[in-house]
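Below you'll find the structure, written out as structure tokens, and then a few comments.
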Amino acid sequence: MKTLLIPSLLVVLGGIIFGSIFAANIYSLESGLPYFSYVFWQVFLGSIILLLICFFTGSLPRFNWQNIKVFTFTAVLGMLSPLIVFNVTADKLPPGVITLSVALIPASTYVMSLLIKTDRLRLVSILGVVIGFGSVLLIVIPSGSLPISGAEVWVIFSLLVPIACGANNAFIVLLRPPDVETFGLAAGTMLVASIILFPVTLAQDGLYFFGNFGWQAIGSTIWASLVWVIVYMCFFEIVKRTSGLFYAQINYVIVAAGLIWSWIIFSDSLSIWVWGAVILLFTSLALINIGAKKAKPKKP
């Protein structure tokens, strides 16, 4: 198997970068920019940035049927489904419960990978997933975020996040065209996502230009678009080099990084539980590395 140093660095980098998007979301909310307009513009701008990179690197996406299937599959399951679930449940569930739905993504990815036989049963990998999930529990349980009386239906609805993202991470191993560059895949995915979001935005909020809501809206939208650019480049490159399960570990990094970014930007206090979770998080990543080195994923 190829060296795992670069994929490991990309998992950490992508997780740290994506963790900052929660701060961008707060700034956007404060600016008054409607949610779906904010989401549309960040995805659309991200696609433009990636298309420019593709143009200058000679790797423009090809919109044949095979590639369109990949773009649509990843856009709907990996990006749009979580965004819609987060928006619907934002005022119906405690943040800790939503965090747990994200933390379940690696486990759901592993289960689906086993079902479609793109990965094999490995004790070390299972241990890594369990420890990673435990790192999130260290953050959520001490804060008292788990009691959710009367919100059972929305808890079940929030499980669409690990199901959708897990399916995306598992099946992309089969769907990713081997001859297409990472830049082209990322650009095509974000362009398709913005096309799908356009009518949704019109129906929900109406399409508002982010520039009309001041510099805070402009800054947060550009910030979020750059985050998506980096994360999707990391996604397709990690999957190319390893597997969807390996990429799924990014969700543990995102949870911890989001809290650390809040500490840096908003001076939120971090307890010893959070720092303990960070230690467990990197232990989890190390175990997944060991499991990946022991056996290559099965090819169908």
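A short reminder: the numbers here are calculations on the coordinates, not readings from a lab. It should be emphasised that the depicted structure is a prediction, and the values quoted were computed from it without experimental measurement. Quick reminder, even Gly has a Cβ in these numbers, built from the backbone with ideal geometry, and neighbours come from all protein chains shown.
The simple Förster model, with R0 at 35 Å and r as the Cβ-Cβ distance, assigns L52 and T283 a FRET efficiency of 0.35. Placing a pseudo-label 7 Å from each Cα along the Cα-to-Cβ vector at I272 and R120 gives an inter-label distance of 4.3 nm. Kirkwood Rh, the stretch 170-279, all Cα pairs: how many Å? Computed over Cα pairs of the stretch 170-279, the Kirkwood hydrodynamic radius comes out at 16.8 Å. For the set K69/K117; K69/K240; K117/K240, every pair lies no more than 29 angstrom apart at their alpha carbons. Gain on full extension, evaluated as 0.36 nm per residue between L13 and K92 minus their Cα-Cα distance, stands at 25.3 nm.
Just order 13-19, 102-108 by mean Cβ neighbour count inside 10 Å, highest at the front, would you? Numbers along the way, then the final one.
Details: 13-19: 20.7, 102-108: 23.4.
Packing order, densest peptide first, comes out as 102-108, 13-19.
Note on K69 and N212: the model spin-label points, each 7 Å out from Cα along the C-beta direction, lie 4.1 nm apart.
For a test of the definition: using alpha carbon positions, the gyration tensor, and the 1.5 limit on a/c, classify the stretch 1-134 as rounded, prolate or oblate. Because a/c hits 1.5 or more and a/b fails to exceed b/c, the stretch 1-134 counts as oblate.
Peptide packing for 69-77, 241-249 was compared via the average number of neighbouring C-beta atoms within 10 Å per residue; ordered from the highest value, the list is 241-249, 69-77.
The peptide list 22-34, 189-201, put in order of mean Cβ contacts within 10 Å with the highest first, becomes 189-201, 22-34. Here the calculated FRET efficiency for L127 and I264, from their Cβ-Cβ distance with R0 = 22 Å, stands at 0.10, rounded to the nearest 0.05.
Label-to-label distance, I26 versus R62, with points set 7 angstrom from Cα along the beta-carbon direction: 4.6 nm.
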